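A.B. asks: Input: one structure, supplied below.
The values are calculated or read from the model by the stated rules, or taken from the named source; none is laboratory data. None of the values given here were measured: they were computed from a predicted structure. In this analysis, Cβ positions are derived from the backbone assuming ideal geometry, glycine residues included, and neighbour counts consider all displayed protein chains. For the accessible areas, the whole protein counts, side chains as well, though only heavy atoms, and no ligand, DNA or RNA atoms are used. Shrake-Rupley method; radii C 1.70, N 1.55, O 1.52, S 1.80 Å.
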Amino acid sequence: MGSLGALLKHPDDFYPLLKLKMAARHAEKQIPPEPHWGFCYSMLHKVSRSFALVIQQLGTELRDAVCIFYLVLRALDTVEDDTSIPTDVKVPILKAFHRHIYDPEWHFACGTNNYKVLMDQFHHVSTAFLELGKGYQEAIEDITNRMGAGMAKFICKEVETIDDYDEYCHYVAGLVGLGLSKLFYAAGLEDLADDVLSNSMGLFLQKTNIIRDYLEDINEIPKSRMFWPRQIWSKYVNKLEDLKYEENSEKALQCLNDMVTNALIHAEDCLKYMSALRDPAIFRFCAIPQVENALK
């Protein structure tokens, strides 16, 4: 109903969205028949918020690389997000994850629902990864290595300052922007984008997600994991969880405006990055999630 309501408010969007859906349906028919690829594309739809549709309208070779890149990082993120895993177990896995993707026998039980299935049957992802071209493999390994190390750092470190916030978002999302730029370049479809612009593409998406997921994250069981920087929220409340109470609604709105203003710092870089793209499918892949996130 929410999607229908949005379309009724913006009827001009209907035809472009229909074309995108038809392109994705056409791409689905070209997915390799092997079980490991079937698992990967099926799982992509189950664990992706907004990327599955735009990934599937990419050209075949790049589409496969981006699909595997997304699932590898989603699996890494599942390890980081699982608050039931002891720190002394979690940190070594995060740091070594870039090596595990080369091992079709490796898996690790964690996460819930579809994320648990992804982790239990991760061998399908590794098998598909090993079939990618060398340039794609190297880009995915490099980003997974750097992201895992950054996540491990923040397992034991609170997000206190805005600099901490930017660093954390770089590790979990800015590096995704850098990795995608490397994949576009490896496919021979785009020039290698500037790292600062690539980083901003990830930071803008991540910061809007962090803002939107406040209530879900603060109520996380067995314990919450929050990444709102103390430097911002402490101007309004003594404890971050105080923002969820109705009596603090005015302060919560002020804090929200502060967080949104911080995210918008990256908007100009995102526009510069996207204006330099040449391939229409890559442009759609980059632009649609950014616009969708900004409107939520």
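A.B. asks: Of the conditions (1) open to solvent by 30 Å² or more (accessible area, probe 1.4 Å); (2) within 14 Å of Cys67 (Cα to Cα); (3) not assigned by the TED database to the domain that holds Leu58, Tyr185 clears all except one; give me its number.
C.D. replies: In the conditions (1) open to solvent by 30 Å² or more (accessible area, probe 1.4 Å); (2) within 14 Å of Cys67 (Cα to Cα); (3) not assigned by the TED database to the domain that holds Leu58, Tyr185 misses (2) alone.
A.B. asks: Just one of Ala27, Ala65, Ala96 is open to solvent by less than 10 Å² (accessible area, probe 1.4 Å), within 23 Å of Asn145 (Cα to Cα) and either in a helix (DSSP H, G or I) or at pLDDT 95 or above (or both); which is it?
C.D. replies: Ala65
A.B. asks: Ok, one more. Among the residues of segment 99-108, write down those that are more than 16 Å from Glu141 (Cα to Cα) and open to solvent by 70 Å² or more (accessible area, probe 1.4 Å).
C.D. replies: Selection gives Glu105, His107.
A.B. asks: Quick one: which residue in Val117, Val89 is among the aliphatic types (A, V, I, L, M) and under 19 Å from the mean Cα position of the chain (by Cα)?
C.D. replies: Within the list Val117, Val89, the selection yields Val117.
A.B. asks: Taking Ala128 and the conditions (1) hydrophobic (A, V, I, L, M, F, W, C); (2) closer than 29 Å to Val291 by Cα; (3) open to solvent by less than 20 Å² (accessible area, probe 1.4 Å); (4) not in a loop (DSSP other than H, G, I, E, B), which numbered condition does it fall short on, given that it satisfies the others?
C.D. replies: Condition (2) is where Ala128 drops out.
A.B. asks: Here's something else I'd like to know. Of (1) in contact with a Cys (Cβ under 8 Å, 6 or more places away or on another chain); (2) open to solvent by 40 Å² or more (accessible area, probe 1.4 Å), Arg225 satisfies all except one. Which?
C.D. replies: Going through the list (1) in contact with a Cys (Cβ under 8 Å, 6 or more places away or on another chain); (2) open to solvent by 40 Å² or more (accessible area, probe 1.4 Å), Arg225 breaks only (1).
A.B. asks: Turning to a different aspect of this structure: For residues in segment 248-278 being of a type in the set (Val, Ile, Thr) and free of Cβ contacts under 8 Å to residues at least 24 places away in the same chain, which is nearest to Leu180 (Cα to Cα)?
C.D. replies: Taking segment 248-278 as the starting set, the residues that turn out to be of a type in the set (Val, Ile, Thr) are 260-261, 265.
Next cut, free of Cβ contacts under 8 Å to residues at least 24 places away in the same chain only: 261, 265.
On the way: Thr261: 26, Ile265: 21 Å.
Result: Ile265.
A.B. asks: Could you give me the residue pairs with C-beta distances under 7 Å whose first residue belongs to segment 176-191 and is more than 15 Å from Gly133 (Cβ to Cβ), whose second residue is hydroxyl-bearing (Ser, Thr, Tyr) and open to solvent by less than 50 Å² (accessible area, probe 1.4 Å) wherever it lies, and which are 6+ apart or on separate chains?
C.D. replies: Hits for this filter: Gly177/Ser198; Leu178/Ser198; Ser181/Ser198.
A.B. asks: Please identify the pairs in which a residue from segment 81-95 that is assigned by the TED database to the domain that holds Leu118 has its Cβ atom under 9 Å from the Cβ atom of a residue that is open to solvent by 30 Å² or more (accessible area, probe 1.4 Å) and among the hydroxyl-bearing types (Ser, Thr, Tyr), counting only partners at least 6 apart or on another chain.
C.D. replies: Within 9 Å, the pairs are Asp81/Tyr115; Asp82/Thr112; Asp82/Tyr115; Thr83/Ser224.
A.B. asks: Hey, another quick one. Can you tell me which residue in segment 200-222 is surrounded by the most Cβ atoms within 10 Å (Cβ to Cβ), limited to those that are assigned to a helix (DSSP H, G or I) and among the acidic types (Asp, Glu)?
C.D. replies: The residue in question is Asp217.
A.B. asks: If the requirement is being within 21 Å of Asp64 (Cα to Cα) and either in a loop (DSSP other than H, G, I, E, B) or open to solvent by 20 Å² or more (accessible area, probe 1.4 Å) (or both), which of these qualifies: Leu192, Leu175, Leu197?
C.D. replies: It is Leu192.
A.B. asks: Next question. Filter segment 231-247 for residues that are open to solvent by 80 Å² or more (accessible area, probe 1.4 Å) and either among the hydroxyl-bearing types (Ser, Thr, Tyr) or touching a residue at least 40 places away in the same chain (Cβ under 8 Å) (or both); which is farthest from Asp163 (Cα to Cα)?
C.D. replies: Filtering segment 231-247 for residues that are open to solvent by 80 Å² or more (accessible area, probe 1.4 Å) and either among the hydroxyl-bearing types (Ser, Thr, Tyr) or touching a residue at least 40 places away in the same chain (Cβ under 8 Å) (or both), the one farthest from Asp163 (Cα to Cα) comes out as Tyr245.
A.B. asks: Among (1) open to solvent by 60 Å² or more (accessible area, probe 1.4 Å); (2) more than 22 Å from Thr161 (Cβ to Cβ), which single condition is Leu256 missing?
C.D. replies: The failed condition is (2).
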